[in-house]
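Below is one structure; the comments refer to it alone.
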Amino acid sequence: MASFIVVKKEDLEKKQNVEPCHTLRCLTSELGCLTRQDGSVSLSQGDTTSLAVVYGPAEVRISRELIDRATVELVYKPKVGLPRPADRKREQIMKSIFEATIITNLHPRSSITIILQETEDLGSNLACCINAACLALLDAAVNMSFMVAAVAVSVADEGQIKLDPSKNDEEKGRASITFVFDSVDLNVVSIVTSGKFSQIEYKAGLELAREASQKVFQFFKDSMSRKLIR
Amino acid sequence: MRETPLSNCEKEFILKNISEQRRLDGRNSYDYRDLRIAFGVSLGCCHVELGKTRVLAQVSCEVGQPKQTRPHDGVLYVNVELSPMACPSFEAGRQTEEGVELSRLMERCLKESRCMDLESLCIVAGEKAWHIRIDIHVLNHEGNILDCSSIAAIAALAHFRRPDVTVQGQEITIHSMEDRNPVPLSIHHIPLLVSFAFFIQGKYMIVDPSEKEEKVMEGKMVIGMNKHREICTLQVTGEMLLLKEQVLRCSNIAVMKVTKITELIHTALANDKQARLRGEKHGFAELISGEKLSSNQQPPIEVKPAFNIYEEDDDSMSSMESDESSLGHKVQEVDIKRYL
Amino acid sequence: MADQYRIAQPKDYYRQFLEKDVRPDNRGLGEYRATVMNIGCVSTAEGSSLVKIGNTTVMCGIKAEVAEPGVDGKNGYLVPNVELSPLCSANFRPGPPGELAQVLSQNMADLIADSQCVKLENLCVCPGKLVWVLHIDLVCLDYDGNLMDACTLAMMSALKSTSLPVVTVDEESGEIKTDPSSRTLLPVSCCPVSTTLIVFDNKLLLVDPTSEEESLATGAVTVVTEGKNVCSIYKPGGTPLTDKQIRDCIERGFIRGKEARSLIEETLCSVDR
C-alpha cells in the first residue's frame, strides 16, 4: 500500500468566487532563496509549491561527458520515500524539455544539473516543477534558446475544462493534460496527459492553456526584472 | 562535484577570531542563528530555517505488519536525505560517512529516546499497525544540519495527524478526512539535539557552528535533551580530550537552548492551528514575502480565451483535409502481413 | 560508398532521401513497417503474443497469481514490466532495468490506467480475501526503434487472449480451489493503440522510426487512441511543434489505431478456430 500524506479539506485554498474555471492561481516566486547553488528558486502556484536548483556549467563525470555539448542532468526528489518509476518518467520528460531549451553546444564537456524538490503537491505539480526549473535556469543565467511555461488543465466528466486544476479537480476529473509552450511562437514543446478525452476537449484545453502561458511568461519577466533592475 | 576546500588564511582568520571570542557573522559564542519554523498545508510537513540552513521534514503513514519481535508496537522509520540539492559535494544515492552519522543520531534522538508512544499505533496485535515514516530533506547546507533536522523532525511529528481507525471483529475501517477528524500522534516529550564545536585542544567552544566553522573545528559534541533536563543522547567526536567541567558546562547551555527552542516549536504549532481555525492563509506560499527584491507575486488572474473554446471551428478542421499533410505526402496504405 | 557516407554523415544522407519524400528503407514518410503478430505462442502463460514491427520484436507473456488485496479489498493488480536485455541491442547492459526500461514500464502502466481497458475490480476473486495479480512481462528480442508501439501492441493482444482459471474459495475452511479445466476470458473493454512519430531536422515528421532514425531525431510524439477518443498524447520535450503538426499526428494515430485493431481481431479469430 502506498503511504499517504494527510491534507484536510478545509485547509485548502479558498475557492475563487469569480468564474473559477478559467483562473490561473496566485503565482509567487523567490529567486536565489538558497545560498550554495548557482541558481535556486522557490515557486508556488496556489498551494502547490516546489523548489528548483541549478548547478552549472560545471565539471562532468567522465562516463557522461559529451564532446560537443553539455550534459543535462535532472533529478526529481519526491517528498515521501524513494523515487518511483512514475518519478523516473517525470524526470525523463523534464530532462528532454530542458535539453531542447538550453543551448548545450555553448558548454561542451560540462554538466548542467537541475534538481527539483517537491515541497507541496496540491494539483498541477508537474507544471509547477517545470516552471520552477525554468526560473532557476534564468536565475543561474544559463543560456537558453527559449523559455518554457507549463500550464495544466483538467477535463471534468461533463467536458468542462478547468485551468490550473487543484488536487481535487485532478482526482475528480476524467482527464488532465499538462501543456508546455515555448516563449517565441507559443508552440507546444511538451504534452503529458492522463485519462481519456476527445479531440474537441484537447483543442479547447490547448487554447486556454496557451492564453494562460502568456501570463506565466509575463510573470517570469517581472520576476527577473525585479531582481535585476532594482 | 568536488568540495571547495578552505584556504589556509581563511582557516587562520576564523581560528584567530574564535580565540578572541568573535565570530564571522557577529554572533557571540553561545548564540544560535535566527530560527524560523513554518508548516505546510499538508499535515506533518515542516520547514525549518536556521540562519541560511534549510531543512524540510515530511511525515507520512501507512498500514503494515508490525515487527515480529514487537507485535504490539507500530514502526517508526527515519530517513535522512543528503542530496546534491543541499550542497554540490553531496552525491545522490550514495551514503557518505556524514550521512550515516546524521541518520544514526536522528534515530537515536527520535526512536531510542522513546519520545513517541508506539503502542498506540497498533491496530490488531501481530497483524496490522501504523508505520510512521519521517523523510528529512536537507535543502541548503550552511552548517549545523543536525540541530536543524532534529527541530524539523520533531515539529513535523507533533504537527502530523493520522486517519482514525476502528476495528470491529475482523473488519478494519480507515476513516477518511471527511468522516472523522484525524488523530494526532501521542508524543511524550520533545527531544532536541544541540551541537557544540571545539577549537584549539578543546579550549574554545561555540554553539551552532556555521559551515565554515565546521570545516575548521577539531571536534564536536552533540547533546540530545528535552526540556525536563533529561539527556537522551550524548556523542563526542573528533581528536580532542574534554574536561569534566566542559561537559557539564555544555549540558547547562543545552538546557537553556532546548527550553527556548521547545517554546518556539509550541508557538509555531499554536500559530499554525490558529491560522487554520480562522481560515487564514497558511502554508509555504506564505513563507515568501512580497517585499523582498528577489521575490515576486502575481495575484490570481482570470484567463479569457481568444474565442469560444467549446465551439469547434469548422474552418480549421475542414481545411486540414485539403491541405497537404505535413507527413510529406498522403498516408499510404499500410501493408500488414500476418503469419500464424 | 553509400554505406560510408551513411556512417560519416547520417543527417545529410537522410536529408537527400527525405527531399524526395522517401526514406532509406524505401518507406514513405507516413508509412509503417510491416507488422507481424502471433498470439498464443507461449503455452505455459495465461496469455501471450509476439509482435514484430519491421525488425523490432517484442514478446509478451502474462502470468497470473492470486494474492491478498490491499486495504480497499477489491482491486486486483496489473504489473507491467519491460525488459531490455543486451540480447536485443548493444546499447543495453545487463543488470537492473535502465532508465528507458523503467519509463516504458511506467508508460505501459499509465496506458492501462488511462484507457481503463482492464478494470481492476474485474480481477477480484473473493472480496477482501483474494484478487488476481497479472504480471505482464514484455521482453524485447530485437531492438530497431519504436519500442513503445511494439510494446503496446504486444501487451494489448496478449491481454485480449488471456484466460484465467476459475478459482473458488471455500466459505468455511477458507481453502482455495482451482479448476484448471474451465477457464474464463479476461474482460478487456477496449483496445488502445499507440502511434509514434519523430521530428527530423526540427520540421519533418516521420512515422514509426527505426533505431537509426530515433538517434537522429530532435523530438518524438506518441499518440494513443482508443475508438473515437484520445487516450494519451505524450510528447516529452524536443522541438516545439505547431498545432497543425500535432493535429496531423493525432489524425495519423486514428488511422493506425483502426488498422492495428483489425489486425488484432483477425489474428484472434484465426487462433480460436
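Bear in mind these aren't lab numbers, they're just calculated from the coordinates by the rules spelled out. Since we're looking at a predicted model, the values are computed, not measured. Positions of Cβ are backbone-derived with ideal geometry, glycine not excepted, and every protein chain shown enters the neighbour counts.
If I take every Cα pair under 8 Å that is 6 or more residues apart in region C:6-162, average their sequence separation and divide by the length, what percent do I get for the relative contact order?
Contact order relative to length: 32 percent.
Dividing the Cα convex hull volume of chain C by residue count, how many Å³ per residue is that?
150
Mark the label point 7 Å from the Cα of B:ILE187 along Cα→Cβ and return the residues of region B:91-132 whose backbone N is within less than 20 Å of it.
What the label zone holds, given the 20 Å backbone N cut-off, is B:103-122, B:130-132.
Is it possible to state the helix-based mean residue ellipticity at 222 nm for chain A, with each DSSP H run of 4+ residues giving -39500 (n - 2.57), the sum divided by total residues, to the nearest 500 deg cm²/dmol? What is it?
Taking each H run of at least 4 residues, the total per residue is -10000 deg cm²/dmol.
Using a Förster distance of 25 angstrom, determine the FRET efficiency expected from the C-beta separation of C:LEU216 and A:ALA141, and round it to 0.05.
For R0 = 25 Å, the calculated efficiency reads 0.20.
Using a Förster distance of 35 Å, how high is the FRET efficiency between B:ALA275 and B:ASP164, based on the Cβ-Cβ distance and rounded to 0.05?
After rounding, the FRET efficiency stands at 0.90.
Sequence neighbours fewer than 8 away in the same chain don't count; with that in mind, list the aspartates and glutamates whose C-alpha is under 16 Å from C:LYS20.
Output for C:LYS20: B:GLU324, C:ASP12, C:GLU31, C:ASP201.
For a paramagnetic label modelled at 7 Å from the Cα of B:LYS16 toward its Cβ, which residues of region B:170-207 fall within the zone defined by backbone nitrogen distances under 19 Å?
B:199-201, B:204
Quick check: residue separation of C:LEU87 and C:THR44 times 0.36 nm, minus the Cα distance between them. What number comes out in nm?
Full extension of this stretch gives 13.3 nm more.
Is chain B rounded, prolate or oblate when judged by the Cα gyration tensor, a ≥ b ≥ c being the square roots of its eigenvalues, rounded requiring a/c under 1.5 and prolate requiring a/b larger than b/c?
Note, shape of chain B comes out prolate.
Relative contact order, percent, of region C:13-58 when contacts are C-alpha pairs under 8 Å separated by at least 6 residues?
Relative contact order for region C:13-58 comes out at 24 percent.
Which entries of C:LYS63/C:LYS119; A:LYS89/C:LYS119; A:LYS203/B:LYS304; C:LYS119/C:LYS235 have Cα-Cα distances beyond 19 Å here?
A:LYS89/C:LYS119; C:LYS119/C:LYS235
Stick to Cα atoms and the Kirkwood definition of Rh, then tell me Rg/Rh for the protein assembly as shown.
That ratio equals 0.99.
Place the peptides B:296-303, C:29-36, A:41-48 in order of packing, highest mean first, counting for every residue the other Cβ atoms within 10 Å and averaging per peptide.
My ranking of the peptides, most packed first, is A:41-48, C:29-36, B:296-303.
Put a dot 7 Å past each Cα toward the Cβ at B:THR4 and C:LEU185; how far apart are the dots in nm?
Result: 6.8 nm between the two label points.
Give me the percent relative contact order of region A:87-212, please, defined on Cα pairs under 8 angstrom at least 6 residues apart.
It comes to 22 percent, rounded to a whole number.
Convex hull over the alpha-carbon atoms of chain A: what's its volume per residue in Å³?
149
Rounded to the nearest 0.05, what FRET efficiency do A:SER63 and A:LYS221 have when you use their Cβ-Cβ distance and R0 = 41 Å?
About 0.60, to the nearest 0.05.
Could you list, in their original order, any pairs among A:LYS77/B:LYS67; C:LYS52/C:LYS258; B:LYS111/B:LYS257 whose Cα atoms are separated by more than 26 Å?
Distance filter (> 26 Å) returns A:LYS77/B:LYS67.
Per 0.36 nm of contour for each residue apart, how much would the distance between B:GLU245 and B:ASN79 grow if the chain were fully extended, relative to their Cα-Cα spacing?
56.3 nm
Using label points projected 7 Å from each Cα along Cα→Cβ, tell me how many nm separate C:MET1 and C:THR178, to one decimal.
Going by the 7 Å Cα→Cβ label model, 6.4 nm.
Treating cross-link reach as a plain straight distance, find the lysines whose alpha-carbon is under 16 Å from the alpha-carbon of B:LYS260, omitting any fewer than eight places away in the same chain.
Cross-link targets: B:LYS227.
When the Kirkwood radius is taken over all Cα pairs of region A:105-230, what Stokes-Einstein diffusion coefficient follows at 20 °C and 1.002 mPa s, in µm²/s?
The calculation lands on 137 µm²/s.
Sort all Cα-Cα distances of region A:184-230 into consecutive 10 angstrom bins from zero, then give the percent of pairs in each bin up to the one containing the longest distance.
Using 10 Å bins, I get a P(r) of 20, 41, 24, 12, 3 for region A:184-230.
Where a Cα-Cα gap under 18 Å defines reach, which lysines qualify for A:LYS221, not counting those fewer than 8 residues away within the same chain?
B:LYS292
Neighbour counts of other C-beta atoms within 10 Å: give me C:LEU159, A:LEU66, B:LEU241 arranged from fewest to most.
In increasing order of surrounding Cβ atoms, one gets B:LEU241, A:LEU66, C:LEU159.
List the trypsin sites (Lys or Arg not before Pro) in region C:156-263 that DSSP assigns to loop (not H, G, I, E or B) and whose Cβ has at most 14 other Cβ atoms within 10 Å. Which are they?
C:LYS203, C:LYS228
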